Amino acid sequence: MQTFPQLYNGGFHCMKEVIQQDGIRGLYRGLTPGVILSMTEASIRYMTYGICQDIVRKALSVETSEKMTLLHNALAGGLTGFLATFASCPIELVKCRMQGMLGITTAKRAALESERPIAMRGPAGVLVHVLRTDGLRGLYHGFSSNIARNTPGEMVFFATYEQCRFFIKRPGQVKDDIGPLGSFFCGSCAGIAYWVSIYPLDSVKSRVQILSSEGKVQGLWHTFWSILRAEGVKKLYHGVGYSIPRAIIGSGSHFVFYDTTRKILLRDLTS
């Protein structure tokens, strides 16, 4: 829906077309790199955020992370997004190309399978094909698009999370006292804010990385304006509604585990 909005009228129509074209397993195309991407991004995201918080706090002479302002946390989040892109871009490329095969016509797809069969054999095949045809540099097609999405996206993500924690804590409490339910609520709010704010850039990023498989390297801004002129602003948000439930469950759960694990580790270090 996001990459080929002209092909689908909605979520159920998209699901129907995918099943007709590729069977039930088509709904899970790109699952393996998607899981790897999620694990990689989550690990780097939360590990790096703590480090970036310390960098910003020391650079701006803030005593503790509890005293960091909305701007401070946004800066730490932006730095986190920038650094995470170096690890996530290659996996994101593989995932987008696998999922993008569903938007190719049957005839063109058959031709592609005969010309480049290895590229159709799951994530490993896509990875090998990219390395053979474009080298290591090919894994970073769409890197600038990922940077343009991740840096402001993580600024919004972590700033929203920290601000929500500040608002819901009770008088006399610190932000770490909000508990698992509070972490889930704040994480869910952060996830929604993230996807609503960066979804157009994510649509452009996905389009850039998929089209690069056909040798069409247009760049971030050229692709962005092409979509605006040909399809309108609405298409940049095509499918955003289906990202909200994922954001609520995914980001909420991530922060519950992140906050709980961090408290356990800090407790062990201070004991």
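Of all residues in segment 183-212, which are under 14 Å from C164 (Cα atoms) and among the hydrophobic types (A, V, I, L, M, F, W, C)? Correct list: F184, F185, C186, C189, A190, I192, A193. For segment 170-194, a residue qualifies if it is touching an Asp or Glu at 6+ places or on another chain (Cβ under 6 Å) and over 12 Å from H254 (Cβ atoms), and exactly one does: V174. Comparison of I44, I91 shows that the only residue that is at pLDDT below 90, crowded, with 20+ Cβ neighbours inside 10 Å and assigned to a helix (DSSP H, G or I) is I91. When segment 65-78 is filtered for residues that are open to solvent by less than 60 Å² (accessible area, probe 1.4 Å) and either in a helix (DSSP H, G or I) or hydroxyl-bearing (S, T, Y) (or both), the ones remaining, listed by number, are S65, H72, N73, A74, A76, G77, G78.
Could you tell me whether any residue of segment 19-41 is surrounded by fewer than 20 Cβ atoms within 10 Å (Cβ to Cβ), at pLDDT 90 or above and aromatic (F, W, Y)? No, every residue in segment 19-41 fails to be surrounded by fewer than 20 Cβ atoms within 10 Å (Cβ to Cβ), at pLDDT 90 or above and aromatic (F, W, Y).
Among the residues of segment 163-182, those that are surrounded by fewer than 24 Cβ atoms within 10 Å (Cβ to Cβ) and assigned to a helix (DSSP H, G or I) comprise Q163, C164, F166, F167, I168, K175, D176, D177, G179, P180, L181, G182. Selection of segment 129-162 for residues being of a type outside the set (D, E), farther than 24 Å from I198 by Cβ, open to solvent by 10 Å² or more (accessible area, probe 1.4 Å) and at pLDDT 85 or above yields L131, R132, T133, G135, L136, R137.
The values are calculated or read from the model by the stated rules, or taken from the named source; none is laboratory data. This one's a predicted model, so the numbers in the text were calculated from it and none came from an experiment. So basically every Cβ, Gly included, is an ideal-geometry build from the backbone, and we count neighbours across all protein chains shown. Calculation scope for accessible area: heavy atoms of the full protein, side chains included, ligands and nucleic acids excluded. Shrake-Rupley method; radii C 1.70, N 1.55, O 1.52, S 1.80 Å.
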